[in-house]
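The values are calculated or read from the model by the stated rules, or taken from the named source; none is laboratory data. All figures in this text were calculated on a predicted structure; none of them were measured in a lab. Cβ: placed from backbone, ideal geometry, glycine included. Neighbour counts: every protein chain shown. In case anyone asks, the SASA skips ligands and DNA or RNA and just uses the protein heavy atoms, side chains included. Shrake-Rupley method; radii C 1.70, N 1.55, O 1.52, S 1.80 Å.
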Amino acid sequence: MHSKALRAGVAAALSTMLAGCAPFLRGPAPAPAAPPADFPEAYYQEAAAQGKPVFRVDSRESLVVIEVRRSGSLARLGHDHVVASHEVGGYIAPGEGRADLVVALARLAVDEAALRAEAGFDSQPTGSDIEGTRTNMLEKVLEAEKFPFALIRVNGAEARQGDVTLSVAITLHGSTRTLQVPARIDADAAGMSVTGRLSFDQTDFGITPYSLLGGAIVVKNGVELRFRIRARRLLGAGELLKP
């Protein structure tokens, strides 16, 4: 095979392989319109009804970004990936030191140019590459029809200023892992902002990183996540039911 054709063939194989490794990607099916049945909204309804401060996540101002990188001697033939959620939902009850967040996997954005630039990635996958990544991950890795949500339970989210360490339990792909996450909380009577970053291994959630050609092409097990969660104070329990 001509060397140019060989490189193209390997690149295509790598693109397909990488499409199966990224941890959170959007598939062609629409995300469910409501959180899962066991999402603890009633907890926050009760807290608000009792006059306790409850904040609802403002998805328009919140962002979760996941970076997935490649490795191996032929890594230059593929792409790193950036996956983002612009539709994080959930609530924070700072008086209870608790927050519950939900991400519908099918609504995640893949490889947005601005976020790739922020991550320092020097290439941009084609539209077909992105769609292939999305489809393979949703169907083959995440099994999103069976596990359509990522759920996040946070302890330690008290209404105070400054640097904190949060206990964050992430449920993904049927597995739950708890991480200690350094974060920054800024809060006042009307709103809260929580920012931070963390890393974890795909294998922690039963996801096996792909490899090819005896490890010459491999997706790194570890992924990096950064987040900005902004939430606004609810005026009453009835607001919990509004879209």
Subset of region 120-151, residues of a type outside the set (Phe, Trp, Tyr) and more than 30 Å from PHE39 (Cβ to Cβ), comes to GLY120, ASP122, SER123, GLN124, PRO125, THR126, GLY127, SER128, ASP129, GLY132
Looking only at region 111-142, how many residues end up being open to solvent by 10 Å² or more (accessible area, probe 1.4 Å), aliphatic (A, V, I, L, M) and within 25 Å of ILE170 (Cβ to Cβ)? 5
Tell me whether region 96-107 contains one or more residues that are modelled with pLDDT of 90 or more, part of a helix (DSSP H, G or I) and closer than 23 Å to LEU166 by Cα. yes
Could you check how many residues of region 29-86 are closer than 30 Å to ASP129 by Cβ and modelled with pLDDT under 90? 21
Pick out, from region 140-243, the strands (runs of 3 or more DSSP E) lying fully within it that include 3 or more residues that are more than 17 Å from GLU67 (Cβ to Cβ) and modelled with pLDDT of 95 or more. 149-155, 162-172, 175-187, 222-233
Condition broken by LEU151, with the remaining ones in (1) in contact with a Ser or Thr (Cβ under 8 Å, 6 or more places away or on another chain); (2) surrounded by fewer than 20 Cβ atoms within 10 Å (Cβ to Cβ) satisfied: (2)
